[in-house]
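The values are calculated or read from the model by the stated rules, or taken from the named source; none is laboratory data. Since we're looking at a predicted model, the values are computed, not measured. Note: ideal-geometry Cβ built from the backbone for every residue, glycine included; neighbour counts use all protein chains shown.
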Amino acid sequence: MRERVQEVIDRLKPAFGPTEVTLVSIRDGVVRVQVFAPGCHGGPPKEAALAILEEELQEAIPEISEVVAD
């Protein structure tokens, strides 16, 4: 499942612009990521990036119940 999650993150990188999303772990349907949003340099804020990622992951991998940032 880790590979499938990483594929979705990689596919979304252009939409995130300079916002960096790094996969940390997956456990019991919860995906943990680290998000670095450099602020006013374009790209979505951290909360928006998480919302986009969660929606895309749940659509691609129904076993995913939540995405949280560390």
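Data table
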| read-out | value |
| --- | --- |
| Region 16-70, subset part of a loop (DSSP other than H, G, I, E, B) and of a type in the set (Gly, Ala, Ser), residue surrounded by the most Cβ atoms within 10 Å (Cβ to Cβ) | Ala37 |
| Yes/no for Arg11 being at pLDDT 95 or above and in contact with a Ser or Thr (Cβ under 8 Å, 6 or more places away or on another chain) | no |
| Odd one out for Ala60, checked against (1) out of contact with any strand residue (DSSP E or B) (no Cβ under 8 Å at 6 or more places or on another chain); (2) without any contact (Cβ under 8 Å) to a residue 40 or more places away in the chain; (3) of a type outside the set (D, E, K, R) | (2) |
